[in-house]
Each structure stands twice: as structure tokens, then as C-alpha cells.
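Presented below is the structure to which this report refers.
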Amino acid sequence: MNEIEIAIFFLMISFIGSLLFSNKKKDNNALSFFINLEIEYIFIGLIIFVIGKNFSTGEILSLKPYMALIMSFMGLLIGSQFSVKLLKTIQPKIFIVLIIIYITCQILIFLIFYLLKIKEPYLMAIVVNTAMPYSIQLFGRLFKVPYKQLFYTILISSLYPVLAIGHYAIYIGYKNFTLFNMFTGILIALVFALLVSTYAQINKKQGINTISVIMLIVLAGLSEYLKLSPLIIGFLSGLFLANFHYSDIFINIYSSFERFFYLFCYIFTGIFLFKDIPQNSNFYLSALLVTLVLILLRKKFLKYLFCKQMATKEKYLNIISIGILPAVIIMDYGVISELKNISSFLWMFLIIHILTEIAGYKFLYNEKKNS
Amino acid sequence: MKRRIADLIIIFVCSILIYNLEQGDNTFFLIFGAGLLAAFSLGSLLNEIGLPKITSYLLLGIIYGPYVLNYFTFETIEKLQFIDGIALSIIAFVAGGEINFRQKDVPLGKVTIFVLLQIIILFPISMLILYFFGKLTSFSLLTMFIPILFLSLINNATSPSTTVAVIQETGSKGRLTDYVLISAVLKDILIIVLFAFFAALLAPASGTSLSKVIMEEVVSAIVGVGLGFFVIFYIRNIKLHQGVFLFLLTIIVTWIASHIHLNNLMIFLFTGIIVNNMSKLGHSVVEIIENNSQIIYVIFFFVAGNSINLNALSSMWMIAIFLFIARLMMLITTCYISASIIKENNVIKKMSGFGFIGQAGVSIGFAKIIATTFPEWGVSFQTLVLSVVGINQIFGPILFKLALKKAGETK
């Protein structure tokens, strides 16, 4: 790969990106909402892909270690949000609603993919059956909706990733199961969390900053060397870490890098997206149907179920958006399968991501307008 | 106690791990991460007995490097060069960002005279000492004019990255700290200009590469200035994601600079100076980088340790030790005289010399150029410089830390 050309393009694009940032005003309109989703970073990846294709002498596989690093980070970040102490404060009825929604979505999405003969339907269903609270928070910020009114929506969409990644971990574990993999993975995560929490007790803040970055490199390196999923190892480490003392210092440090790594997820999506463009009409039909299912289940059914269980009337109840998490899971799957055939997964993610963001925004906007 | 035990266990486990791993693409991050973890732990451990952390990172780098245990082979070091380059760029940015023309406590004009005096005094003294040493020992390299001249010039060179690292680690603040830091940066810029001048003057006709040196340094400085204004434009008009922006910019510019043979140290020194002095918001930008800089020091000095050429040191260690002691004495004396002339206080007179002992990139770069430009004696010259730089880089941070402590400027 001719790095100099890539570097120049990178600089150009980041400069254009910076100018775009300047237009990312926090107005309460659709344009502002969609620009702030930062999907445009896919185009940086796309340009890197085009340059790589035309001038390339190297392998795109060289990106794998860096992807492993980002996946470990994302897993760590998501896992560290779930401490048992915190989970205990949530009403059990919310978990019941969440699990019912998750399982129903999973079954219906799987059926759509299976009947329309989409490749690896079960894994694809796991991938798109995710949620993240970013767009709902963004809407709240732009349209100045009080946090209290969005609380349950944010709570449910924040809990959703634990089910999605947990399910993905079980799937990958089942597919590549060996006792060695399972125990090594858990052991690495446990030792990581123990080390990090010990360092947090005995070091100064600057030292903690440093060790958190070093440990992330070690974690990514270990998962790559042992051919384990960096996302799952990171996620397990985060889960353990969230339940140890002093871990909040680390979680705060990792959280400060969150947006930075999200941008890279979009860039990587762009790099791999155009390796293969699906030509099959069933593919696009399935994307539309899945979006429909998500709207029905994660808006209408969720509202009905939630109001029935909790005996309340929540106006803004809507977890239609799937967020960036599917891209993270796909990349992780790519890392452990030597980056084979991930572009069709990414296309599916991108189409559903855009459609669900539009639908989610539309519902929220109407609800806000009618309030 | 708990921390010491934890550090020892980590060093032991990491060493065993790296020893048992085969070098390859799928082990690169693991080996690198384990090396950094061990270096960080050794830094914490030896810091308790007063050793600067960067010296520990260097020492472990040497031990793990290709000349001792060979845990980090030449190929691995080659792969780390780009990360090392980014680290150097960030350190240079911080060093440049520490220079404040508007600072009233330490006037820049006075520091500039201090630096000029040091060079003017040290340069001829060094030439004389080296000449007599050459005569006495019949060491052939030091009986010739050109090697003596270049070695005397290199004796003036210092390492802003080491200076910044020690200041950051000790949290030092005060007159001595400011004097040494600003002087180190100014000295390096002046020495680069002087080196380019002498090299162009004395190089054989075929040595056209030397005119390139001047061009490269001038272009690097101009690029640095331009980049500084670009950063200011960004922080004034765009503002968002400043950390991400700076990080990406550093990677990209370092990448481009390495391909078109520009000096990233020079580029980012000037970027830092412009950002800090041409904008009121500049210091906040430098602070963003400073707050996350410790990991950069671990990487930079650990990799620097990997690259210290022990073969060179073992082949002429006696001469290298003499040169180290002679340079140390000369630095202390010239700093004392220069500070006396500009009527500085006793702390600057007695202690500032200890701030300029560390040597790194610039000196090594000069030695490489000399080796290729003067093939008949350049290679042994390079070996000598590399061995002296090795000693200076190990003892420089220790002595500077002690000086800062004695001046009462450490946290």
C-alpha cells in the first residue's frame, strides 16, 4: 500500500471533515441530527479503499491488529457499563420487557434472513438486533427534551448491548468451542481486571492513564495471538472491571476516547464496504423487512409491553436505532475469520442503520411536536 | 510494598512471556504491549530510589533490545519506528509549546544570549581538549581537524525530548526549569543550522546530500510554522474534538514527513512555538497533549533503549567515558561562565549545565550523515558518537533530575 498517497488523502479528508464539524451546529432540525451521527466518516474509509485498490501492493490484512485494538477497546467500554451494583437498582420488570423484546426480534429477524436465503442468517440476526443510546441522547440534546422524559428509552437501549454481545459471545463460543478458548478468555479478562484495579489503588492519576493504554495494547495483542475474539475478551474484562473497586477511574479514562474510536469504526466500515456490493434483490428486501420488524417491535410492541408491565404512560419510548454496535460485531467477526466476506454484513448494517435512524428520528420528532 | 511486589511480578511475567513468543505479525502487539508494561513497572520500581522513569525505560529497552537479550529484534524495532516517530513529534510539540515569548520571568533575549555564549565558549574549548587528547592517546580520529570540529559541535547538541520528559515527570516549575527547556530547544535549532553550514563547507565535492540537509531543516521549520497556524485556525474556528484532531494531525504529518525526508522534530518544535505564542488558546492545546504524554515517554524511551548500540559502546568504552566526563565538565563550566556574564543567579550558574547532558535524535542523525559523507573515517566517528550518546542518555536524566531537586523546583 502506498502510504504517502493514503496519508495525503487522509489529511485532505480530515480537513474536509473538520470543516464539516464546523457546520455541525446543534440546531433542532433533521440536518443537524443526521450530520451529528458522523456517518460521513465512512467516506474516509471508502477513499482509503479506492486508493488501496488502485495503488496497492500490500494487503488490507495489515489493518487487522489495529482493528483488534479498537474491538478490545469497544468491548471494554461496553462491558464496563454493567456493574452488578448498578444493575440491581433497575426494576426487574424492565429486564422482563427487554428480554421479551430481544428474543422476539431475534426470532423474527432470523426468520426473515433464513427465508430469504441470506448468508449466515443467525449471526446476521445477532448483528442487527442491537441498540445503542447515542441517537436518542443526541435527539434529546438537539431538541432540548428533558432527560427525565427520555430516561426509560436511554436505559433500555443502554442495556440492550449486554444482551447482544452476550448472545454473540455464546454464538462464537458454540461455533469455535474448546475448553482452552473458554477458560483462557475468562482467565485473561479476570487477570486484566485484577491488574487494572490493583494499579488503580496504588498509582497516581498520570500512571493510571498510562497503564490503561498499555493494558489495552496487551489485551488486543493477547486476543490476536490466541485467536480469540477481541470484542468478547474486552467485554468480559469490562464486566469484571466494572465490579471491582477503583475501576471507575479507568472507566472514565476509557470513556473519554469513546467518540474517537467510533469514528474509526465508521472509517473501517468504509474500507471494507465496497469490496463486494450485494446484487441480490432478496438482500435489500430483507433489509427493508428487518427495519419494519424493528419499528413494529422496538417501537409499537415495546410501548405496549412497557406500559402494561410498568403501568405508566411513557411518551418517548423508542429503541428503533441499531447504532454503531453492529459494525463493531462485524469487524470483530472479521478479525477472527481473517477478514473474509464481511462486506455483505456491512451493507446490511449500513442500510438498516440509516433506515432505522430516519424512522427513529421521525417518531421522536412527531412525538415532540405533539407534546 | 504492595506496588513493588506487583511491579516485580509484572516484569518477571512479561519477560517470560516475550521470551517464549515467536516474533511475527500476530505477536507484534503482544510483545510490544508486554515490553511497555515491563518498562512502565520498572520505571515505577526504580523511581522509588530516585532514578528517573525515562532512564528505567531506556535501561529495559537496552536489556530487551537486539544487543543483549534480543527480545526485540531489529525487525521488531523497524516496525516500531513509525510509532517512535509519532512519539517524537508529540514530545517536540510539547517542547515547542513550552516556549513562551510573552513570558516575563525568563526573557527570551537573555536566554538566547545564554545559549550563544555557551556555544561560543564550549566549541573552541572542546576542540582544544579533543585535539590534546588525540595527541596524547594517538587515537587517529582525534588527530584530524574535521572530526574534531564535528565532535565539538555535537558536544553542544542536547535532547529537548529528554529535557521535557524529566520536567514533566518531576512536575518541575521555576527559573532553572524554564532556562534549561528554552535553551535546549534553541540550542538544537542553532546546532542544526551550524552543522548544516559546516557540513556544506567541509564536505567533499561529491557530498551533495549535505546541501539537502539545509533545505530539509529550513523546509521543516516552514512546514512547522504553517502547521502551527493551521492548528490555531482549527482551535479558533472549529473547536470540536481537539484531542482527536491533534492526534490525527500528528500521525499524518509524521507519516508524510518520514516519506519526504523532513525532520519531524523541527516541524513540531515550530508548530508548538507558533501555537503557544500566536494564540491565547494555544496553551490549552499544549495541555491536552501534556496530560496524556506519559505513555508517549514510555514508548519513545523504551524504543530508544532498544536502539542503543552496545556493540559500539563495547568497542571504545574507555574513550567514550573520557568524552562523557570531559563534556560534562565543559558543560558545567561554560554554563557557569555564560550565566555569570548575563548576571544570572547562582542556581542557573551552578545547575543549568546538568540540564544539557542528555543527547538523542539530533546527535545520532548528525553521526549518520557524517558516516555517509566522510566514508574514510565517518564510520568510526559514528561508532564513537553512538557510544557517547548512549552514556549521556543514561546519565543525563539522572543528573538533571538531581539538579532540579537541588534547585527546589521539583513537585
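Worth a mention:
- Residue order, fewest to most beta carbons within 10 Å, for B:E169, B:E216, B:E48: B:E48, B:E216, B:E169
- Ranking B:Y297, B:M266, B:S340 by Cα position along the charge dipole of the range B:266-411, where only Lys, Arg, Asp and Glu carry charges on their C-beta atoms, puts B:S340 farthest toward the positive end.
- Cα gyration tensor shape of chain B, rounded if a/c is under 1.5, else prolate or oblate by comparing a/b with b/c: rounded
- Anisotropy class of the range B:62-165 from Cα gyration tensor, a/c 1.5 cut: oblate
- 3J(HN,Hα) along the range B:312-320: 4, 5, 5, 6, 9, 5, 5, 5, 4 Hz, from the Karplus curve 6.51 cos²θ - 1.76 cosθ + 1.60 with θ = phi - 60°, whole Hz, x for Gly and Pro.
- Mean ellipticity per residue at 222 nm, deg cm²/dmol - from DSSP H runs of n ≥ 4 across chain B, formula -39500 (n - 2.57): -26500 deg cm²/dmol
- With neighbours defined as other Cβ atoms within 10 Å of a residue's Cβ, the residues B:R327, B:R102, B:R175 order from fewest to most as B:R102, B:R175, B:R327.
- Extending 7 Å from the Cα toward the beta-carbon at both A:Y147 and B:K212 defines two label points whose distance is 5.8 nm.
- Simple spin-label estimate for A:N366 and A:T89 gives 3.5 nm between the two label positions (7 Å along the Cα-to-Cβ direction from each Cα).
- Legend: residue pairs A:K85/B:K79; B:K368/B:K401; A:K64/A:K88, Cα-Cα distance threshold 32 Å; pairs beyond threshold, A:K85/B:K79; A:K64/A:K88.
- For the range B:10-77 versus the range A:153-167, the gap between their alpha-carbon centres in whole angstrom: 39 Å
- The protein assembly as shown - Debye-derived log10 I(q)/I(0), Cα point model, q = 0.05, 0.07 Å⁻¹: -0.30, -0.57
- Relative contact order %, chain B, counting alpha carbon pairs below 8 Å whose residues are six or more apart: 26 percent
- Taking amide H as placed 1.01 Å from N in the peptide plane, the amide H of A:N280 sits under 5 Å from none that are at least 5 places away or on another chain.
- If R0 is taken as 35 Å, the Cβ-Cβ distance between A:I358 and B:I83 corresponds to a FRET efficiency of 0.30.
- With R₀ fixed at 51 Å, the C-beta to C-beta distance from A:K300 to B:E287 puts the FRET efficiency at about 0.55.
- Length-normalised contact order for the range A:275-371 - Cα pairs under 8 Å, 6+ apart - percent: 38 percent
- Extension gain, A:N252-A:L111: 0.36 nm per intervening residue step, less the Cα-Cα distance, totals 46.8 nm.
- Lysine pair count for the range B:96-243 [Cα-Cα under 24 Å; pairs on different chains or 8 or more apart]: 6
- Alpha carbon centroid spacing (whole Å) that separates the range B:348-395 from the range A:113-152: 59 Å
- Cross-link partners of A:K117 among aspartates and glutamates (Cα-Cα below 16 Å; sequence separation of 8 or more within a chain): none
- Listed by chain and number, the lysines whose alpha-carbon sits under 19 Å from that of A:K362, ignoring those within fewer than 8 places in the same chain, are A:K26, A:K144, A:K299, A:K300, A:K303, A:K315.
- Here the Karplus relation 6.51 cos²θ - 1.76 cosθ + 1.60, evaluated at θ = phi - 60°, turns the backbone of the range B:183-195 into coupling constants of 4, 4, 5, 4, 4, 4, 5, 4, 5, 4, 4, 4, 4 Hz, with x for every Gly and Pro.
- What separates the Cα centres of the range B:258-326 and the range B:94-149 is a distance of 19 Å.
- Ranked A:I329, A:I253, A:I48, criterion: other C-beta atoms within 10 Å, fewest first: A:I253, A:I48, A:I329
- Couplings for the range B:65-81, taken from phi via the Karplus curve 6.51 cos²θ - 1.76 cosθ + 1.60 with θ = phi - 60°, read x, x, 8, 10, 8, 6, 5, 10, 7, 4, 5, 5, 4, 4, 5, 7, 4 Hz in order; Gly and Pro are left as x.
- The Cα atoms of the range B:262-411 give a gyration tensor whose axes a ≥ b ≥ c have a/c of 1.5 or more with a/b no greater than b/c, which makes the shape oblate.
- In this structure, A:Y174 and A:T312 have a Cβ-Cβ separation that, at R0 = 56 Å, corresponds to a calculated FRET efficiency of about 0.90.
- With the simple spin-label model, which puts each label point 7 Å out from Cα in the Cβ direction, the B:T73 to A:N29 separation comes to 6.0 nm.
Every number in this text was worked out from the coordinates using simple rules, so none of it is lab data. Everything quoted here is computed from the prediction, not taken from an experiment. Note that each Cβ is placed from the backbone with ideal geometry, even for glycine, and that neighbours are counted across all protein chains shown.
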